[in-house]
Every structure is written in structure tokens, then in C-alpha cells.
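Any read-out appearing in this document is the output of simple, stated calculations on the displayed coordinates, not a laboratory observation. This one's a predicted model, so the numbers in the text were calculated from it and none came from an experiment. Every residue, glycine as well, gets a Cβ built from its backbone with ideal geometry; the counts of neighbours run over all protein chains shown.
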Amino acid sequence: MEIAVCDDNELFLAEFETQLKTLPMVENVYMFSNLDTFLVSVDGGKRYDAVFMDIDWDKESVGMEAAAELYKLCPETKIIYVTGFVDMYSQLIFLNQSNLSGYLTKPVNIELLRANLQKVMDALPFGEQPALVLRRQGAPVSVPLREIYFVESDNHTVHVHTAGETIMVYERLENILHALSVDFFKCHKSFIVNMRHIHHFQTTEVLLKNGERVPVSRARYAETREAYLKYMGHKF
């Protein structure tokens, strides 16, 4: 996703940019300490999936005014308000027209940040969601990445396991891996797992949220677990 952050605190911008870049759904982050510069970028045609908007600028709630202006220019862009004043603006954020999606307080909790961005991503039109394009019997098949639970290699075929079906194609596992996002990790020489669907780790496998089990090789267990912890945003 394309993300913009508008805040007049340069230190917060730097820290928040670091947080955002740890999340796999974030593709590009644009930081703005000046609201006019931000609105000029939108007016010039730049589109963001979500904008994190600081409410209070120099003791004035001009962030909500900028959000209303953004709505006029690009009504589909989601706004997530961010503020250090927990109670001051909670009753005001609905007064100005905007495509309001969330409300966060500083310092920003990483799990609440992830949940807000997941909400934005889930609301994207189907055609805008990241997808894996496969060729089955000569015809292209587009599979949304978020629907893939794991990928399995068997001789010269690859089985892509989704929520609704298993798609079999003639392809190399490594080629599939290169086409996937950072949500995915090769946990075994014959398996790639979508980390967003992991429920928990066991000794030689991971249990997925749908009840299926994916083997993890002994050689890759520590690396897989480390990748998952990083994906979940934990510090270890």
C-alpha cells in the first residue's frame, strides 16, 4: 500500500516511518511535515491508500481541515487520525467530512497500527489487492495473496492451497517464491507458508488458523520462527 504521514513533529515522523516499514503490507511511505506540500501532491495526482493525519498542528486542529480538503480531492483515500491528546479531539473527528478509517494515539501501538492498515487493505477493491498470477491449462488465474495459506512442491508441480481450493500448476517452487510478497517464507525445501495465517509453532511444523499443518525443516526452523516474529512486529 501507498502510505502518507502528515505530522509537524520531525522526531515522530522518523520514528513512525521506522514502525511502518516493518509492516509487510506497506510498500511506500511518504512523510510530510507541511500540510500544503501534502495537499499539493494530492492535487497533482499522487494517490495514497491511507493517510495518517496528525490532528494538532501548532495548537490548532488543522489536521481535520486538511482531511476535509483531501476528501474533496480524493474521497477514496482512507484517513487515520493520530494525536497525542487522548481526549481532546475524540468527539470532533466526525464533524469534518472525511473518509475516516481509524484513530490512533501517540505513542502508536504497533499491533493497533497493523490492525488499522489491515482494515484499509481489506477494504481495497478486489482488483487492487496484491495477487499471484498463475497459468493453469494455458489460462491465467489470479489468486489474491491474502487467500493463499501455503504453497507445496511435488515433483514437477506446485500446489497453491487457498481458502477455497487447491490450484495445481506446472512450475518451480522458487519461481513462485519470487512472485510472492514478504508475507511468505520458505520454511521447508518443498513448502512456502503465508505467515499471516500461522496460528502457532510446534516442534516440526506450524499450525495454521484453518487447522492445516505445514512442515518446517529442522534446518530452517530457527530462521522461520525469527522471520515470523519479525513479521508480527515483536522485538527479540
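The figures follow:
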read-out: Cβ crowding within 10 Å averaged over residues, with 205-211, 74-80 ranked highest first; value: 74-80, 205-211
read-out: C-alpha long axis of helix 221-231 to longest principal axis of the chain, angle in °; value: 20
read-out: Two-site label geometry, M168 and C74: point separation in nm, points 7 Å out along Cα→Cβ; value: 4.5
read-out: Calculated FRET value between V62 and S41, using beta carbons and R₀ = 22 Å, to 0.05; value: 0.80
read-out: Peptides 142-152, 103-113 ordered by average Cβ neighbours within 10 Å, highest first; value: 142-152, 103-113
read-out: The stretch 2-124 - Rg (one decimal) and Dmax (whole number), Cα, Å; value: 13.0, 35
read-out: Helix 110-122 vs. the chain, principal-axis angle (Cα, 0 to 90°, nearest 10); value: 80
read-out: Computed over the stretch 129-231, Kirkwood Rh from alpha-carbon pairs, angstrom; value: 13.7
read-out: Qualifying chymotrypsin sites (Phe, Trp or Tyr not before Pro) for the stretch 3-86 [loop in DSSP, other Cβ within 10 Å: at most 15]; value: F85
read-out: Degrees separating the helix 62-73 axis from the principal Cα axis of the chain, which is the longest one; value: 60
